[in-house]
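Structure record follows, encoded as structure tokens.
Derivation of every value follows stated rules applied to the coordinates shown; laboratory data play no part. Here the structure is a predicted model, which means the values were calculated and not measured. Cβ placement follows ideal geometry from the backbone for every residue including glycine, while neighbour counts extend to all protein chains displayed.
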Amino acid sequence: MRLLGTDLQTAAPTAAGGGSFHSSRGPLGVHNSWTDKPTGRGVNPQYMHHNLPSNSDSYRENTSGADFQPPHSRELKLPAAKPSMDKEKKTLRDIVPPLCASRLKPIRQKTKNAVVSILDTGEVCMELLKCQSGQERVKEVLRISCDGSMVTIYQPNGGKGFPVLDCPPAPPEDILICSYEDLPEKYWKKYQYASKFVQLVKSKTPKVTLYTKYAKVMLMENSPSADLEVCFYDGAKTHKTSELVRVVEKSGKSYTVKGEVGLSGLSPESRMYVELSDEGHNMCRSLEAAITAEEQRSTKNIPFFPITIGRKPVNPDSLCSSSLPSHPVPPDAASPPQPPQITPSMISYDGSDFTTASLSKKSSPVRQDLVQSTGQVVKSIFVPNVGWASQLTSGEVWVQFNDGSQLVVQAGVSCITYTFPDGRITRYKENEKLPEHVKEKLHCLSTILGLLANPTAHHLQPH
């Protein structure tokens, strides 16, 4: 999966200016802590609550009564009527609807210019960073309510900044609280970034989990076009998004297709996996609709989701029957290693097993010979503009890049395993010359190792 789609550099300004907050006395003002100017028309946020109607009618000329105009009236040119600004002015709703972090587990993720968190309370928090004297400090904080309707904005430590810790800085006395509708335009991009982060987390959070005869089927939280992950008991996997379908055969060979035309080009084995996935998808959606209806009828206000139905059969039915060719697979290679119970930072959430083969929507699934050489996932983080990086029990670091390629390296061992987006694997030994595309991928390794070793990121550790 590619990064959220917005570089936080565009959403989090890096220069600070002066200004002060207003407390509850009188109209709330906006703490202009950044020198970047709001995009758009630069409407003064103080007056966003009081949009005055246009008075263009007062300039309309009465042409039918021209004979009764006062002397010299023909020499006077009245200003033309101006279009109403209310009709032209964009709103935050035109860009992004209110976010919703309901049912999402706590997570804390650091990016280049901010730390984004989902708190225990369900709030979504953005800590905007600025480097001062070589140290990153939190200069401004946005805390968005779980339903996205309210935003609290403040500058910690009187605007002087606060060190980056494992939790957001506490709010001071002077804060700005505004509704989603009245959020100043300078914060729209930041709100949009937070919304995309929430959607990413939702796409890896199971809402409905169904065990069938052949597979574990998971419908994710990012409705209305929610992702679907299907993990077959024989080791194959499928991942369906609103645009693409990825099929990973148990041999490790993968296909990514789009539309019915692409599906027609799949092998008979892959088409069988897609058909079974579609059946599981329909069942999950029917269950979701039925349970939602019951939840709405309930008077006890008890959440019914996430929900798990069934369990894995002791002796699951094999798909390798008369309709499919038989491919004996060693027991250890029958399915990729299952991760331990992990925190939301891995964005896989209690059994989203597809991420053990491919944590990114656009990354190529790991091949079986690569799986066998690696251990269990100990820790996994999402690195902006790079992809997913995982630390394994074997001591290796496994990086899945946004372009679909993968890299496995081990500290102290001069051996690199590189997987192309199409699934081809190449191993490079100590004295071999590395291609340029592999060298480029190695440039980010020091940053990845630093993030994995960062003791303050204990939220990324498995339970």
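Worth a mention:
- Where labels lie 7 Å past Cα in the beta-carbon direction, separation of Thr426 and Ser446 in nm: 2.5
- Listed peptides 207-213, 160-166 by packing density, highest first (mean Cβ within 10 Å): 207-213, 160-166
- Gain on full stretching of the segment that runs from Glu88 to Ala293 - 0.36 nm per residue minus C-alpha separation: 69.8 nm
- For the stretch 203-320: relative contact order, % (alpha-carbon pairs under 8 angstrom, 6 or more apart): 29
- Gain in span if fully extended, Ile177 to Arg285, counting 0.36 nm per residue against the direct Cα distance: 35.1 nm
- Linear extension gain, Phe305 paired with Asp147, 0.36 nm per residue minus alpha-carbon span: 55.2 nm
- Whole-Å distance, taken between Cα centres, linking the stretch 137-212 and the stretch 109-123: 7
- Counting DSSP beta bridges with both ends in the stretch 203-320, the antiparallel % (nearest 5): 90
- Cβ crowding within 10 Å averaged over residues, with 396-403, 92-99, 238-245 ranked highest first: 396-403, 238-245, 92-99
- Mean sequence separation of contacting Cα pairs (under 8 Å, at least six apart), scaled by the length of the stretch 184-240, corresponds to a relative contact order of 22 percent.
- All other residues whose Cβ lies under 13 angstrom from that of Arg108 are scored, Lys and Arg at +1 and Asp and Glu at -1, for a net of -2.
- Computed about the Cα centre, the dipole magnitude for the stretch 133-239 is approximately 380 debye when only Lys and Arg (+1) and Asp and Glu (-1) carry charge, each at its Cβ.
- Sorting the segments 295-306, 224-235, 415-426, 111-122 by their residues' average number of neighbouring beta-carbon atoms within 10 angstrom, most packed first, yields 224-235, 111-122, 415-426, 295-306.
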